[in-house]
Amino acid sequence: MVNWNEECDVLVAGSGAGGVTGAYTAAREGLDVILVEATDKFGGTTAYSGGGGFWFPCNPVLLRAGTDDTIEDALEYYHAVVGDRTPRELQDTYVRGGAPLVEYLEEDENLKFEMLPWPDYYGKVTKARNDGQRHTMPTPLPISEVGELHKLVRGPLDFDRIGADLPEMLIGGRALIG
């Protein structure tokens, strides 16, 4: 057991895309942040899954791409999929909060996003979009732009498990972490 006596405003456990985004946001707002990770690499299971695409309807990236989606349609779809498993207020907060988050992140010139043409998972549910107009992902990032720090970003699962070559581009959550 390690004796640890550090103080901070925000302690973030886990370095997947969500943890890194939370730590980044808190630090950008002037808070003292500590990000802890159980392993020697950043990325968590986000890096393994290739994840990092996110379902935030009507965000600025999608609006620039010309979506005709509405928050009301997205809410109707989301409510139909989630049902009463979580409070309706929480569901509404998630659906309505994504676009402002993307707008906030895009204020940093180092963070870039693009549309991920991925259909809604439940394509037969009312108001589902099968045209990929609700998914966004970080723009792929060449590892050359990250420099030596790219060695701290967890590689894809095949890289970690069987020693496959590391891709020249960080994609999905790895790009955001990079």
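Given the conditions (1) free of Cβ contacts under 8 Å to residues at least 40 places away in the same chain; (2) under 17 Å from the mean Cα position of the chain (by Cα); (3) closer than 20 Å to Glu114 by Cα, which single one is not true for Arg64?
Condition not satisfied by Arg64: (2).
Take Pro60 and tell me if it is at pLDDT 95 or above and open to solvent by 40 Å² or more (accessible area, probe 1.4 Å).
On the way: at pLDDT 95 or above: yes; open to solvent by 40 Å² or more (accessible area, probe 1.4 Å): no.
No: the conditions fail for Pro60.
Quick test of your reading of the structure: Gly172 fulfils all but one of (1) open to solvent by 50 Å² or more (accessible area, probe 1.4 Å); (2) closer than 20 Å to Ala17 by Cα; (3) touching a helix residue (DSSP H, G or I) at 6+ places or on another chain (Cβ under 8 Å). Name the failing condition by number.
Answer for Gly172: the failing condition is (1).
For Gly43, work out the one condition from (1) surrounded by 19 or more Cβ atoms within 10 Å (Cβ to Cβ); (2) on the phi < 0 side of the Ramachandran plot it doesn't fulfil.
Gly43 satisfies every listed condition except (2).
For the range 130-151, state whether one or more residues are in a helix (DSSP H, G or I) and in contact with a Lys or Arg (Cβ under 7 Å, 6 or more places away or on another chain).
No, the range 130-151 has no match at all.
Within the range 83-95, track down each residue that is over 16 Å from the mean Cα position of the chain (by Cα) and either open to solvent by 90 Å² or more (accessible area, probe 1.4 Å) or of a type in the set (A, V, I, L, M) (or both). Step through it out loud before you land on a result.
In the first step, residues of the range 83-95 are kept if they are over 16 Å from the mean Cα position of the chain (by Cα); the result is 83-93.
If the condition is that a residue be over 16 Å from the mean Cα position of the chain (by Cα) and either open to solvent by 90 Å² or more (accessible area, probe 1.4 Å) or of a type in the set (A, V, I, L, M) (or both), then Asp84, Arg85, Arg88, Glu89, Leu90 are the ones that fit.
Determine which member of the set Thr39, Thr70, Thr25 is of a type in the set (Ser, Thr, Tyr) and over 23 Å from Pro100 (Cβ atoms).
Values: Thr70 fails: over 23 Å from Pro100 (Cβ atoms); Thr25 fails: over 23 Å from Pro100 (Cβ atoms).
Selected residue: Thr39, the only one of Thr39, Thr70, Thr25 that is of a type in the set (Ser, Thr, Tyr) and over 23 Å from Pro100 (Cβ atoms).
Out of the range 105-139, which residues are open to solvent by less than 40 Å² (accessible area, probe 1.4 Å), of a type outside the set (Phe, Trp, Tyr) and in contact with a Leu (Cβ under 8 Å, 6 or more places away or on another chain)?
Leu105, Leu111, Gly132, Gln133, Arg134, His135, Thr136, Met137, Pro138
The values are calculated or read from the model by the stated rules, or taken from the named source; none is laboratory data. Only a predicted model underlies this, so the values are computations on that prediction, with no experimental measurement involved. As a convention, Cβ positions derive from the backbone with ideal geometry for all residues, glycine included, and neighbour counts pool all protein chains shown. SASA here: full protein model, heavy atoms, side chains in, ligands and nucleic acids out. Shrake-Rupley method; radii C 1.70, N 1.55, O 1.52, S 1.80 Å.
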